[in-house]
Amino acid sequence: NNYMAKRNYKKLDDIEHVILRPGMYIGSITSRTEDKYVLVNGKMCKKSITFNPGFLKIFDEILMNSVDESKRSGSKLSTIKINISDSEISVWDNGGITVSKQDGEWIPEMIFSNLKAGSNFDDTDHRTGAGLNGVGSTLTNIYSTEFSVSTCDGKKVFNQVFENNMRKRSDPTTKASKTKHTEIKYKPDFKKFGMSNIDKDHSLMIEKRVFDVAGSNPSIKIYLNGKIITIKSFED
């Protein structure tokens with residue numbers, strides 16, 4: 001009846017919806033153990049690995065943002081640098097997002113904190129990218145205790161920090177700068193994944209993914225923890 005429907009109905013905001021229904025957005029957040037190929041002493045070997053698929057997905061969204069950007073017409077993005085500690089991940093590239101406002105909101109803020117925004121969202125645009133239509137980076141933001149954005153389009157640099165699963169954000173700052181780049185740093189919300197840190201198995205899975213991307217994109221210089229990946233093809 002009407003009364004029961006109203007009483008049982010609960011309107012979720014975007015953040016609550018994403019956190020309560022991870023399977024709809026980032027896949028399973030339950031760890032599993034499988035035999036996976038990972039890099040051991042410079043060679044791909046099959047190893048029993050315990051990993052959390054959702055945790056790896058939020059990394060992939062940030063990495064593929066940079067890769068997708070390199071494929072856009074006119075893009076000069078040629079370098080991606082990934083750094084991983086036991087509590088934080090950063091992905092830097094030498095591209096850059098337009099630092100201007102659209103409908104009263106800064107474009108970088110819109111891209112990284114709105115589930116319905118992003119340059120991948122235009123279905124009329126021909127695209128070959130792997131991103132979730134501009135949604136993916138926001139999912140990473142929601143599943144992080146801290147998420148910082150720094151980008152420069154060659155004229156202005158933009159900086160902003162989000163905290164507490166994107167519920168809190170600093171006021172964006174901008175100033176003149178000529179160094180084109182985009183850098184995302186995030187601290188995953190480990191509790192949401194039943195994890196305490198980025199352990200050895202997750203580091204191996206991230207490293208394997210970075211090597212896959214390097215092998216599939218030989219025109220991009222890719223660095224992992226300060227060291228360039230020297231493979232020239234996927235066959236390598």
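Structural descriptor for the chain: relative contact order 21 percent, calculated from alpha carbon pairs under 8 angstrom and at least 6 residues apart. Quick note on the chain: its Rg to Rh ratio, both from C-alpha atoms and Rh being the Kirkwood radius, is 0.99. Give me the count of lysine pairs in the stretch 167-212 whose alpha carbons sit under 22 angstrom apart, restricted to pairs 8 or more positions apart or on different chains. Going through the stretch 167-212 pair by pair, I get 12.
Stretching the chain fully between residue 17 and residue 203 yields a gain of 64.1 nm (0.36 nm per residue, less the alpha carbon separation).
Between the amide H of residue 49 and those of 34, 35, 36, distances stay under 5 Å, these residues lying 5 or more places away or on another chain, with hydrogens modeled in the peptide plane. Expressed as a fraction of 2.2 N^0.38 Å, the value expected for a compact globular protein of N residues, the C-alpha radius of gyration of the stretch 42-84 is 1.55. Annotation: the stretch 152-236 has a Kirkwood hydrodynamic radius of 16.0 angstrom, from the mean reciprocal C-alpha pair distance. The Cα trace of the stretch 16-120 gives Rg and Dmax of 17.1, 51 Å, the first to one decimal, the second as a whole number. The residues packed around residue 152, meaning those with a beta-carbon under 12 Å from its beta-carbon, carry a net charge of +2 if Lys and Arg are +1 and Asp and Glu are -1.
Label-to-label distance for residue 105 and residue 187 is 2.5 nm, based on points extended 7 Å past Cα in the beta-carbon direction.
No value in this document is a laboratory result; all are computed from the given coordinates. A quick note: this is a predicted structure, and the numbers were derived from the prediction, not measured. Reconstructed Cβ throughout: ideal geometry from the backbone, glycine too, with neighbour counts over all protein chains shown.
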